[in-house]
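What follows is a single structure, written as structure tokens, with notes after it.
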């Protein structure tokens, strides 16, 4: 990624900013952002990058979707912003990293983020470094995705099974055995030591 840093804050017309990695936001959280900006102003400018060959000049949003949308809700026409030199792909990566750093993500969001990075050709090690996870942990996500383990993915996304348990189950060769372990964990019959014992019996 280019070593490009913002030098000064600019007032950028909101209508000229495009969001390339939009995400849904909790309404309560969003209302709090709007209220805070309305009362004390914008504490941290957003970050954008100029789009090439656009007239009038347009920008990709790098960081600050919540702040941008809050300014829109407050009927503002322009927003303070840092402008940096970055490609569309770099903007996507920086946005993903900012999202992960800002709050605790649900497993489904991590699945989607890792899928996006894998589709762009990044290795497990590279993804792990970008999102602050070990490459082994990323590999577990990737294994579920590449092997089409929709049932396990849904169970993780719904909060029925921790991702670490899902990765353990996905490591079992027999599909029938995987279903037994998953059902046993979700029902509460196979938890902790009992789950590990059952997995060892199946593997042997």
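Every number here is computed from the coordinates shown, using simple stated rules; none is lab data. As the structure is a computational prediction, the values presented were derived from the model and not from experiment. In this analysis, Cβ positions are derived from the backbone assuming ideal geometry, glycine residues included, and neighbour counts consider all displayed protein chains.
Between 129, 118, 43, the GNM of the chain built on Cα springs shorter than 10 angstrom shows 43 fluctuating the most. With labels modelled as points extended 7 Å from the Cα through the Cβ direction, what inter-label distance (nm, one decimal) is found for residue 112 paired with residue 24? Between residue 112 and residue 24, the simple spin-label model gives 0.7 nm.
Shape annotation for the range 105-203: C-alpha extents along the principal axes are 39, 25, 22 Å, from largest to smallest. Rounded to two decimals, the Cα-based Rg/Rh of the range 9-89, with Kirkwood Rh, is 0.97.
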